[in-house]
Structure formats: structure tokens, C-alpha cells
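Below is one structure, written out as C-alpha cells; comments come after it.
Each value in this text was obtained by applying a stated rule to the coordinates, not by laboratory testing. These figures come from a predicted structure and were not determined experimentally. Cβ sites come from the backbone with ideal geometry, for glycine too, and all protein chains shown count toward neighbours.
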Amino acid sequence: MPVFLIVLLGLLLLLQLLDVYTTRRILSAGGVERNPVIAWLMLRTGKAWPYWKCLPTLLLIALCLAGVLHGELAVLIAMILCGLYALVVAHNWRQLPS
């Protein structure tokens, strides 16, 4: 697996964890989840929602490590997801209570 893909997958995992962290802080301060899919997931899974929210990222990493997803497609998907999660984390960060 190319080093660049490993770095992207590590960054994606970090961004996913930051998304969960910032979301939890916002919720604990009285905020609400505005993504309807994640709000539904939270309702259905209770306190286990972070595990379910991280599942697609972990699945992508597993597919890359197993060699099922590789090459330019894997890099493209990881880059797109990193960009999207960076936007989500930046948005969440601005919503954090001071």
C-alpha cells in the first residue's frame, strides 16, 4: 500500500475521531445533531452511536488493508472523505462552547 494512502487513511481516522469528539462536546452543551442520518442513528443506538458512526471509515480502512480497494480509486475516495470530514470538523469546531 502506498505511503500516501496510509497517510490519508490515518488522517481520515483522525478527522473521524475529531468529528465524534466535537459532536459529543456540542451535545453535552445542549446542542443538537443537525445531520438527519446521524440523528436517526443516535436515536436507534443510544450511547453506542460513535461506534456506528465510525464504522464506514473503519470499513474503508479494512478494505484498503485487505487490498480489495487499492490504487487511484482508494486514494480518490480517501481524499474526498478527508475533505468532507475536514469541513465537518471545522463547522463543529466553530459551534463548540467557549
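Side notes on the structure shown:
- Neighbours by Cβ (under 9 Å, 6+ apart or cross-chain): first from region 25-36, free of Cβ contacts under 8 Å to residues at least 24 places away in the same chain; second part of a loop (DSSP other than H, G, I, E, B): L27/E33; S28/P97; G30/P97
- Some residue of region 11-21 being within 14 Å of the chain's Cα centre (by Cα), part of a helix (DSSP H, G or I) and aromatic (F, W, Y): yes
- Taking the criterion of being within 15 Å of the chain's Cα centre (by Cα) and surrounded by 15 or more Cβ atoms within 10 Å (Cβ to Cβ), the residues of region 43-68 that qualify are W49, P50, K53, C54, T57, L60, I61.
- Selection within region 1-16 - touching a Cys at 6+ places or on another chain (Cβ under 9 Å) and either loosely packed, with under 15 Cβ neighbours inside 10 Å or of a type in the set (D, E) (or both): M1, I6
- Count of region 23-42 residues, restricted to those that are in a loop (DSSP other than H, G, I, E, B) and either touching a strand residue (DSSP E or B) at 6+ places or on another chain (Cβ under 9 Å) or surrounded by 13 or more Cβ atoms within 10 Å (Cβ to Cβ) (or both), is 2.
- Selection from region 59-72 of residues that are in contact (Cβ under 8 Å) with a residue 12 or more places away in the chain and under 26 Å from I38 (Cβ atoms): L60, I61, C64, L65
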